[in-house]
Amino acid sequence: MVLYFITGNKNKFNETKAELDPIIIEQKEIDLIEIQSLDSREVIEHKLKEATKHYKGEFIVEDVSFSLDCINGFPGPLIKWFLKSLGRSGIYELCKAKNNYGVSAKATIGYTDGKEILFFEGEVVGEIVEPKEDSQSIWDLKPTGLDKTLTEMTIEEKNKISHRGKAVRKFKEYYLSKNKF
(Lines give C-alpha, C1' and ligand atoms only; values in the text may rest on other atoms or scores of the structure.)
Protein backbone atom coordinates (compact mmCIF):
# COMPACT_ATOMS: atom_id res chain seq x y z
CA MET A 1 0.00 0.00 0.00
CA VAL A 2 1.16 3.52 -0.83
CA LEU A 3 1.08 6.32 1.70
CA TYR A 4 0.30 9.72 0.19
CA PHE A 5 1.85 12.90 1.56
CA ILE A 6 -0.30 15.89 0.65
CA THR A 7 2.07 18.78 0.07
CA GLY A 8 3.15 21.11 -2.70
CA ASN A 9 6.54 21.58 -1.04
CA LYS A 10 9.13 19.33 -2.72
CA ASN A 11 11.78 19.94 -0.02
CA LYS A 12 9.36 18.97 2.74
CA PHE A 13 8.44 15.85 0.78
CA ASN A 14 12.09 14.86 0.18
CA GLU A 15 13.03 15.30 3.86
CA THR A 16 10.06 13.21 4.93
CA LYS A 17 10.62 10.51 2.32
CA ALA A 18 14.28 10.13 3.35
CA GLU A 19 13.24 9.56 6.96
CA LEU A 20 10.34 7.17 6.23
CA ASP A 21 12.26 4.47 4.34
CA PRO A 22 11.18 1.58 3.87
CA ILE A 23 7.63 2.98 3.75
CA ILE A 24 6.50 3.68 0.19
CA ILE A 25 5.41 7.29 0.05
CA GLU A 26 4.27 9.46 -2.84
CA GLN A 27 3.69 13.16 -3.02
CA LYS A 28 0.16 14.18 -3.90
CA GLU A 29 -0.58 17.78 -4.71
CA ILE A 30 -4.22 18.44 -3.96
CA ASP A 31 -5.40 22.02 -3.89
CA LEU A 32 -7.28 21.96 -0.59
CA ILE A 33 -8.74 24.89 1.28
CA GLU A 34 -6.60 25.53 4.34
CA ILE A 35 -8.63 26.83 7.24
CA GLN A 36 -6.94 29.32 9.55
CA SER A 37 -6.66 28.42 13.20
CA LEU A 38 -4.19 28.79 16.03
CA ASP A 39 -4.57 25.02 16.50
CA SER A 40 -2.52 23.00 13.97
CA ARG A 41 -4.59 19.92 14.64
CA GLU A 42 -7.75 21.68 13.44
CA VAL A 43 -5.99 22.72 10.24
CA ILE A 44 -4.67 19.20 9.62
CA GLU A 45 -7.93 17.44 10.45
CA HIS A 46 -9.79 19.65 7.98
CA LYS A 47 -7.23 18.94 5.23
CA LEU A 48 -7.33 15.19 5.80
CA LYS A 49 -11.12 15.08 5.75
CA GLU A 50 -11.15 17.08 2.51
CA ALA A 51 -8.52 14.80 0.92
CA THR A 52 -10.60 11.69 1.65
CA LYS A 53 -13.48 13.28 -0.26
CA HIS A 54 -11.31 13.33 -3.41
CA TYR A 55 -9.25 10.13 -3.10
CA LYS A 56 -9.17 6.82 -1.27
CA GLY A 57 -6.08 5.74 0.60
CA GLU A 58 -3.84 6.60 3.49
CA PHE A 59 -2.70 10.19 3.81
CA ILE A 60 -0.39 12.33 5.88
CA VAL A 61 -0.37 16.10 6.10
CA GLU A 62 2.08 18.26 8.00
CA ASP A 63 1.57 21.66 9.53
CA VAL A 64 4.30 23.74 11.14
CA SER A 65 3.89 26.21 13.98
CA PHE A 66 6.59 28.82 14.40
CA SER A 67 6.36 30.57 17.74
CA LEU A 68 8.42 33.67 18.46
CA ASP A 69 9.16 34.36 22.11
CA CYS A 70 9.23 38.13 21.54
CA ILE A 71 5.53 38.20 20.63
CA ASN A 72 4.18 35.62 23.05
CA GLY A 73 4.30 32.62 20.73
CA PHE A 74 2.70 34.29 17.73
CA PRO A 75 2.36 33.52 14.79
CA GLY A 76 2.20 29.77 15.53
CA PRO A 77 0.41 27.95 12.69
CA LEU A 78 -0.15 31.27 10.90
CA ILE A 79 3.55 31.44 9.96
CA LYS A 80 2.84 31.15 6.23
CA TRP A 81 0.94 34.45 6.24
CA PHE A 82 3.35 36.09 8.65
CA LEU A 83 6.25 35.25 6.31
CA LYS A 84 4.28 36.46 3.32
CA SER A 85 3.77 39.80 5.04
CA LEU A 86 7.13 40.32 6.79
CA GLY A 87 9.57 38.03 4.99
CA ARG A 88 12.59 36.38 6.60
CA SER A 89 14.37 39.68 7.16
CA GLY A 90 11.27 41.20 8.75
CA ILE A 91 11.03 38.36 11.26
CA TYR A 92 14.69 38.83 12.17
CA GLU A 93 14.25 42.62 12.48
CA LEU A 94 11.23 42.10 14.77
CA CYS A 95 13.29 39.85 17.04
CA LYS A 96 16.16 42.33 16.94
CA ALA A 97 13.87 45.24 17.87
CA LYS A 98 12.54 43.27 20.84
CA ASN A 99 16.04 41.95 21.69
CA ASN A 100 14.55 38.47 21.95
CA TYR A 101 15.52 35.89 19.32
CA GLY A 102 13.94 32.84 20.98
CA VAL A 103 11.79 30.60 18.81
CA SER A 104 10.27 27.16 18.75
CA ALA A 105 9.22 25.32 15.63
CA LYS A 106 6.73 22.49 16.00
CA ALA A 107 5.76 20.06 13.26
CA THR A 108 2.49 18.20 13.55
CA ILE A 109 1.84 15.30 11.22
CA GLY A 110 -1.71 14.13 10.78
CA TYR A 111 -2.42 10.66 9.45
CA THR A 112 -5.62 9.04 8.31
CA ASP A 113 -6.45 5.64 6.96
CA GLY A 114 -9.93 6.90 6.14
CA LYS A 115 -11.33 5.80 9.51
CA GLU A 116 -9.42 7.67 12.18
CA ILE A 117 -7.06 10.64 12.41
CA LEU A 118 -3.91 10.50 14.51
CA PHE A 119 -1.32 13.19 15.27
CA PHE A 120 2.46 13.04 15.76
CA GLU A 121 4.49 16.04 16.92
CA GLY A 122 8.11 17.14 17.09
CA GLU A 123 9.66 20.38 18.26
CA VAL A 124 12.97 22.19 18.03
CA VAL A 125 13.86 25.21 20.15
CA GLY A 126 16.48 27.77 19.25
CA GLU A 127 16.97 31.29 18.06
CA ILE A 128 16.39 33.30 14.91
CA VAL A 129 19.63 34.37 13.26
CA GLU A 130 20.20 37.01 10.62
CA PRO A 131 19.16 35.58 7.26
CA LYS A 132 21.81 34.92 4.65
CA GLU A 133 20.96 36.13 1.17
CA ASP A 134 21.77 32.78 -0.47
CA SER A 135 19.69 30.78 2.02
CA GLN A 136 16.92 28.61 0.58
CA SER A 137 15.16 28.38 3.94
CA ILE A 138 11.89 30.03 4.81
CA TRP A 139 13.41 31.01 8.15
CA ASP A 140 16.83 30.99 9.74
CA LEU A 141 16.68 28.96 12.95
CA LYS A 142 19.74 27.86 14.91
CA PRO A 143 18.82 25.08 17.36
CA THR A 144 19.90 25.60 20.96
CA GLY A 145 23.40 24.26 21.61
CA LEU A 146 24.36 23.94 17.95
CA ASP A 147 26.52 26.15 15.75
CA LYS A 148 24.67 25.55 12.47
CA THR A 149 21.25 26.67 11.34
CA LEU A 150 18.79 24.08 10.02
CA THR A 151 19.48 25.40 6.51
CA GLU A 152 23.23 24.82 6.82
CA MET A 153 22.74 21.15 7.72
CA THR A 154 22.53 18.19 5.38
CA ILE A 155 19.14 16.47 5.20
CA GLU A 156 20.55 13.69 7.42
CA GLU A 157 21.86 16.14 10.06
CA LYS A 158 18.66 18.16 9.97
CA ASN A 159 16.36 15.13 10.25
CA LYS A 160 18.15 13.99 13.42
CA ILE A 161 17.25 17.12 15.37
CA SER A 162 14.55 19.05 13.52
CA HIS A 163 10.91 19.40 14.42
CA ARG A 164 9.93 17.57 11.23
CA GLY A 165 12.45 14.77 11.79
CA LYS A 166 11.15 14.15 15.31
CA ALA A 167 7.50 14.08 14.20
CA VAL A 168 8.27 11.82 11.23
CA ARG A 169 10.14 9.31 13.42
CA LYS A 170 7.16 9.11 15.80
CA PHE A 171 4.83 8.53 12.86
CA LYS A 172 7.20 5.97 11.31
CA GLU A 173 7.34 3.96 14.53
CA TYR A 174 3.54 3.86 14.67
CA TYR A 175 3.11 3.05 10.96
CA LEU A 176 5.71 0.27 10.90
CA SER A 177 4.21 -1.41 13.96
CA LYS A 178 0.68 -1.07 12.53
CA ASN A 179 1.64 -2.57 9.18
CA LYS A 180 4.15 -5.17 10.42
CA PHE A 181 7.00 -4.18 8.11
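The values are calculated or read from the model by the stated rules, or taken from the named source; none is laboratory data. Bear in mind that the values here come from a model prediction, so they are computed numbers and not experimental data. Note that we place each Cβ from the backbone using ideal geometry, even for glycine, and neighbour counts take in every protein chain shown.
List the pairs whose first member sits in the stretch 81-107 and is in contact (Cβ under 8 Å) with a residue 60 or more places away in the chain, whose second member is assigned to a helix (DSSP H, G or I), and whose Cβ atoms are under 7 Å apart, counting only residues at least 6 apart or on separate chains?
Short answer, once both residue conditions are applied: LYS106/HIS163; ALA107/HIS163; ALA107/ARG164; ALA107/ALA167.
Out of all the residues in the stretch 64-121, which are over 30 Å from GLU173 (Cα atoms) and of a type in the set (S, T, N, Q)?
ASN72, SER85, SER89, ASN99, ASN100
Hey, any hits in the stretch 91-102 for a residue that's aliphatic (A, V, I, L, M), out of contact with any Cys (no Cβ under 7 Å at 6 or more places or on another chain) and under 30 Å from LYS180 (Cβ atoms)?
Within the stretch 91-102, the first condition is being aliphatic (A, V, I, L, M), and the residues that meet it are 91, 94, 97.
Checking which are out of contact with any Cys (no Cβ under 7 Å at 6 or more places or on another chain) leaves us with 91, 97.
When the remaining residues are screened for being under 30 Å from LYS180 (Cβ atoms), the result is none.
No; the residues of the stretch 91-102 include none that is aliphatic (A, V, I, L, M), out of contact with any Cys (no Cβ under 7 Å at 6 or more places or on another chain) and under 30 Å from LYS180 (Cβ atoms).
TYR175 versus (1) of a type outside the set (A, V, I, L, M, F, W, C); (2) free of Cβ contacts under 8 Å to residues at least 24 places away in the same chain; (3) part of a helix (DSSP H, G or I): which is the lone unmet condition?
(2)
Among (1) crowded, with 16+ Cβ neighbours inside 10 Å; (2) farther than 22 Å from LEU146 by Cα, where does ASP69 come up short?
Tallying (1) crowded, with 16+ Cβ neighbours inside 10 Å; (2) farther than 22 Å from LEU146 by Cα, ASP69 fails exactly one: (2).
Residues to consider are LYS56, LYS17, LYS10; find the one that is of a type in the set (Lys, Arg) and touching a residue at least 24 places away in the same chain (Cβ under 8 Å).
Working: LYS17 fails: touching a residue at least 24 places away in the same chain (Cβ under 8 Å); LYS10 fails: touching a residue at least 24 places away in the same chain (Cβ under 8 Å).
The match here is LYS56.
Take the stretch 27-48 and flag every residue that is surrounded by fewer than 13 Cβ atoms within 10 Å (Cβ to Cβ) and out of contact with any Lys or Arg (no Cβ under 9 Å at 6 or more places or on another chain).
GLU29, ASP31, GLN36
Go through the stretch 91-120 and give me each residue that's under 24 Å from GLU19 (Cβ atoms) and either of a type in the set (Lys, Arg) or surrounded by 18 or more Cβ atoms within 10 Å (Cβ to Cβ) (or both). Spell out the reasoning first.
Initially, the stretch 91-120 is screened for residues under 24 Å from GLU19 (Cβ atoms), giving 103-114, 116-120.
Listed by number, the residues that qualify are VAL103, SER104, ALA105, LYS106, ALA107, THR108, ILE109, GLY110, TYR111, THR112, PHE120.
Considering only strands (runs of 3 or more DSSP E) fully contained in the stretch 80-154, which possess at least 3 residues that are at pLDDT 95 or above and either of a type in the set (Lys, Arg) or within 16 Å of the chain's Cα centre (by Cα) (or both)?
Working: elements: 102-112, 117-128, 141-143.
Counting at least 3 such residues, we get 102-112, 117-128.
So, in the stretch 1-53, exactly how many residues are assigned to a helix (DSSP H, G or I) and either at positive phi or among the small types (Gly, Ala, Ser) (or both)?
Our first condition is that a residue be assigned to a helix (DSSP H, G or I); within the stretch 1-53, this holds for 10-20, 40-53.
Still in the running and either at positive phi or among the small types (Gly, Ala, Ser) (or both): 18, 40, 51.
Total meeting the criteria: 3.
Could you check VAL64 against (1) of a type outside the set (Ser, Thr, Tyr); (2) modelled with pLDDT of 95 or more; (3) assigned to a strand (DSSP E or B) and say which number it fails?
(2)
Go through the stretch 31-50 and give me each residue that's modelled with pLDDT under 90 and either closer than 23 Å to TYR174 by Cβ or within 16 Å of the chain's Cα centre (by Cα) (or both).
Within the stretch 31-50, the subset modelled with pLDDT under 90 is 31-34.
Residue satisfying the conditions is GLU34 alone.
Which condition breaks for ILE44 when tested against (1) over 14 Å from TYR111 (Cβ atoms); (2) touching a Gly at 6+ places or on another chain (Cβ under 9 Å); (3) aliphatic (A, V, I, L, M)?
(1)
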